[in-house]
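**Student:** Mind looking over this structure? Questions follow.
The values are calculated or read from the model by the stated rules, or taken from the named source; none is laboratory data. Quick caveat: nothing in here was measured; it's all calculated off a predicted structure. Neighbour counts are summed over all protein chains in view; Cβ atoms, including those assigned to glycine, are modelled from backbone coordinates with ideal geometry. For the accessible areas, the whole protein counts, side chains as well, though only heavy atoms, and no ligand, DNA or RNA atoms are used. Shrake-Rupley method; radii C 1.70, N 1.55, O 1.52, S 1.80 Å.
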Amino acid sequence: STVGSLSGDGKQHHCDDVISQLRVLSERHGDEKGLVHTVSYQWSERLHAHLNDIAMLHRSEDDRDAATIISQWQRSAKPMLLSPAMMEGVDLEGDRCRWQALAKVPYGNLGDSRVSHLVYRENDRQWYNETTAQQIIQSAGRAVRSADDEAVYYVLDDDFSDVMTSSRTPDWFGEAVV
């Protein structure tokens, strides 16, 4: 279940709740591997400081590092991987990953001049929310790689419901999210 809005100072305010919820999810899934999408390296490191007994940390944007950390994670006894950079381009089929958690909605960076122009000058919140929803859908696909594959997807950020209601996401996706 969600813990609250993680935008603005929400990460600061709900950090302990996110950590507790991730521990509960890890316990619920036992030895099954779980990928946690954190959106930023700073947020990943902050969570890892409290979850290092059960989680590995993805620290680099280098794709080669991603393959290396996935391999290390798969061989380790740690069931959880915290990463801000595995929302796309990662194949975790079958038992390689049976659950995922979205620890922060991946809104576009409003400090980016293109994003800021579209959102504020063009008043295109629809584009902003649909781009965010597209990233979330991509992230869910990291652990479900075929018609007969399955994984559970948890959302911890209340802002997810805003994205879902204000974008044209496929019905099947909304129905599939736990």
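**Student:** How many of the residues in region 60-85 are part of a loop (DSSP other than H, G, I, E, B) and in contact with a helix residue (DSSP H, G or I) (Cβ under 7 Å, 6 or more places away or on another chain)? Talk me through it step by step, then tell me what you get.
**Tutor:** Within region 60-85, the subset part of a loop (DSSP other than H, G, I, E, B) is 60-62, 76-79, 84-85.
Next, from what is left, pick out any that are in contact with a helix residue (DSSP H, G or I) (Cβ under 7 Å, 6 or more places away or on another chain): 79, 84-85.
So the answer is 3.
**Student:** Next question, about the same structure. Evaluate the following for Ser139: is it in a helix (DSSP H, G or I) and in contact with a His (Cβ under 8 Å, 6 or more places away or on another chain)?
**Tutor:** Details: in a helix (DSSP H, G or I): yes; in contact with a His (Cβ under 8 Å, 6 or more places away or on another chain): yes.
It is true that Ser139 is in a helix (DSSP H, G or I) and in contact with a His (Cβ under 8 Å, 6 or more places away or on another chain).
**Student:** Scan Leu51, Leu22 and give me the residue that is at pLDDT 95 or above, open to solvent by less than 80 Å² (accessible area, probe 1.4 Å), under 13 Å from Leu81 (Cα atoms) and under 14 Å from the mean Cα position of the chain (by Cα).
**Tutor:** Values: Leu51 fails: under 14 Å from the mean Cα position of the chain (by Cα).
Every option except Leu22 fails the conditions.
**Student:** Is at least one residue of region 136-149 among the basic types (Lys, Arg) and touching a residue at least 40 places away in the same chain (Cβ under 8 Å)?
**Tutor:** Filtering region 136-149 for residues among the basic types (Lys, Arg) gives 142, 145.
Restricting the remaining residues to those that are touching a residue at least 40 places away in the same chain (Cβ under 8 Å) gives 142, 145.
Yes, some residue in region 136-149 is among the basic types (Lys, Arg) and touching a residue at least 40 places away in the same chain (Cβ under 8 Å).
**Student:** Here is a further query. In region 26-45, which residue that is more than 17 Å from Val105 (Cβ to Cβ) and in contact with a helix residue (DSSP H, G or I) (Cβ under 9 Å, 6 or more places away or on another chain) is surrounded by the fewest Cβ atoms within 10 Å (Cβ to Cβ)?
**Tutor:** This residue is Glu32.
**Student:** If the requirement is being of a type outside the set (A, V, I, L, M, F, W, C), more than 26 Å from Gly4 (Cβ to Cβ) and at pLDDT 85 or above, which of these qualifies: Glu150, Glu130, Glu122?
**Tutor:** Glu150
**Student:** Another question about this same structure. Is it true that Met87 is touching a His at 6+ places or on another chain (Cβ under 9 Å), aliphatic (A, V, I, L, M) and closer than 26 Å to Glu130 by Cβ?
**Tutor:** On the way: touching a His at 6+ places or on another chain (Cβ under 9 Å): yes; aliphatic (A, V, I, L, M): yes; closer than 26 Å to Glu130 by Cβ: yes.
Here the answer is yes, as Met87 does meet what is asked.
**Student:** For region 1-19, how many residues meet the condition of being surrounded by 15 or more Cβ atoms within 10 Å (Cβ to Cβ), in a loop (DSSP other than H, G, I, E, B) and not hydrophobic (A, V, I, L, M, F, W, C)?
**Tutor:** Total satisfying the criteria: 2.
**Student:** Ok, one more. Please indicate, with yes or no, whether at least one residue in region 96-113 is modelled with pLDDT of 95 or more and surrounded by fewer than 20 Cβ atoms within 10 Å (Cβ to Cβ).
**Tutor:** Yes, region 96-113 contains at least one residue that is modelled with pLDDT of 95 or more and surrounded by fewer than 20 Cβ atoms within 10 Å (Cβ to Cβ).
Condition check ((1) touching a Cys at 6+ places or on another chain (Cβ under 8 Å); (2) closer than 17 Å to Val144 by Cβ; (3) among the hydroxyl-bearing types (Ser, Thr, Tyr)) across all residues:
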{"position": "His37", "(1), (2), (3)": "no, yes, no"}
{"position": "Ile54", "(1), (2), (3)": "no, no, no"}
{"position": "Ser60", "(1), (2), (3)": "no, no, yes"}
{"position": "Ser76", "(1), (2), (3)": "no, no, yes"}
{"position": "Leu82", "(1), (2), (3)": "no, no, no"}
{"position": "Met86", "(1), (2), (3)": "no, yes, no"}
{"position": "Asp95", "(1), (2), (3)": "no, yes, no"}
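**Student:** Here is a further query. If you scan region 65-94, which residues turn out to be in contact (Cβ under 8 Å) with a residue 40 or more places away in the chain, open to solvent by 50 Å² or more (accessible area, probe 1.4 Å) and within 16 Å of the chain's Cα centre (by Cα)?
**Tutor:** Glu88, Asp91
**Student:** A follow-up question, please. Picking from Arg145, Arg114, which residue would you name as being farther than 24 Å from His48 by Cβ, among the basic types (Lys, Arg), over 14 Å from the mean Cα position of the chain (by Cα) and part of a helix (DSSP H, G or I)?
**Tutor:** Just a single option satisfies the conditions, and that option is Arg114.
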